[in-house]
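So the structure is just underneath, and the comments pick up after that.
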Amino acid sequence: MQRVYGHGTKFLKDSWYRAYGHPDDAQADIFSVMDERRHAANRRKVASLFSMTTLVSYEPFVDACNTTLVSKLGEFAARGESVPIPAWMQYYAFDVIGEITVCDFYPLSMSLFLLTNRTGF
Amino acid sequence: MMRTGGDIEGILHTIHKNLEYSSRMSLFNELHAWVGLINHTLGLRSAFENVNAYVLRHLTERRNSTTSSRPDFIQKLFELQKGGKVDNSDIFNIINANIAAGSDTTGLTLSAVIYYLAHDPRIVQKLREEIDTLSSEGKVSDPITFAEAQQMSYLQAIIKETLRVHPAVGLPLPRVVPPEGAELAGYFFPGGVSAGSFAPG
């Protein structure tokens, strides 16, 4: 596995990956980019964001989402309703990623956006 | 999404539709660029329009905020940008990649864990016993921390076994065998052939 997928592999990505990226190859993201040097360059840029110490620093955000999830599951239980697990597991996973990536306090961010009404950054 | 109990701005819908498109288009991947060209020529909306809008909104907001110093991805990327290591389009792409790709596999795996737990009460019982034992020994807090969870061997076994029987990535992620050919898993593959690892198989 390491030989095929690991760092510095001689097995380059098949053109299969192209369908997962932007139609314009120049704008490929890190998953779909096929050129090994561009991939390595992209990886170097973000390596620090995914280091173990950084990931562990996101723990409070995960804890907050866990609290919300448990409370929501409790609401279902109190109503005696069954929980659509696949949907809720994805809402949970999205909320965690949202929290650690962009700060996803949805109602708050939406109202701020409407107040400032800026475009472009 | 948990707070509203549903998809926000159709983001999950977009992600799923795009995955459907990509998994089919990957079989004819030469056509993908043409689809992009036709889309662009006809002035059609991007397939990721709502995800892009969501990301842009958050980025704009944070740029305009003078007080926020939340230690999240955006903040760290802004710092990297000050050091000249990333530019605006890098930031957009990285945030976008997280949002578009960050929830599917985790959600699927968590659903699988709950499914297997629901189907075998013995596993749940054993997990509860592990938690209770560690709790009585004062080895776990409330909530259980990541470091503590790493030490819970039965919990780790549940997660790993679920990943084994129900891998979230059902795609072969193919690679091209280098020109000299290679022996993989006891079989010889000539150079130029596509080989991948099909996890569910």
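Scanning the stretch A:74-91 for residues that are closer than 16 Å to residue B:3 by Cβ and among the acidic types (Asp, Glu) turns up just one, A:75.
Report yes if residue B:173 is in a loop (DSSP other than H, G, I, E, B) and in contact with a Ser or Thr (Cβ under 8 Å, 6 or more places away or on another chain), otherwise no. Yes; evaluated as a whole, the condition is true for this residue. For residues in the stretch B:81-95 being surrounded by fewer than 19 Cβ atoms within 10 Å (Cβ to Cβ) and more than 7 Å from chain A (Cβ to nearest Cβ), which is nearest to residue A:83 (Cα to Cα)? Per the stated criteria, the residue is B:92.
Residue A:17 meets the conditions (1) closer than 21 Å to residue B:108 by Cβ; (2) at pLDDT 85 or above in every case but one. The failed one is (2).
Residues in the stretch B:176-188 that are part of a loop (DSSP other than H, G, I, E, B) and among the small types (Gly, Ala, Ser) were compared, and the one that is surrounded by the most Cβ atoms within 10 Å (Cβ to Cβ) is B:181. Residue count for the stretch B:35-85, restricted to those that are under 20 Å from residue A:51 (Cα atoms) and either of a type in the set (S, T, N, Q) or in contact (Cβ under 8 Å) with a residue 24 or more places away in the chain (or both): 4. Residue B:33 meets each of the listed conditions (1) crowded, with 18+ Cβ neighbours inside 10 Å; (2) hydrophobic (A, V, I, L, M, F, W, C); (3) over 19 Å from residue B:94 (Cβ atoms) apart from (1).
For the stretch B:57-78, filtered to residues that are of a type in the set (A, V, I, L, M) and at the interface with chain A (Cβ under 7 Å from one of its Cβ atoms), the residue that is nearest to residue B:18 (Cα to Cα) is B:59.
The values are calculated or read from the model by the stated rules, or taken from the named source; none is laboratory data. These numbers come from a predicted model, not from an experiment. Don't worry about glycine lacking a Cβ; one is built from the backbone with ideal geometry, like all the others, and counts go over all protein chains shown.
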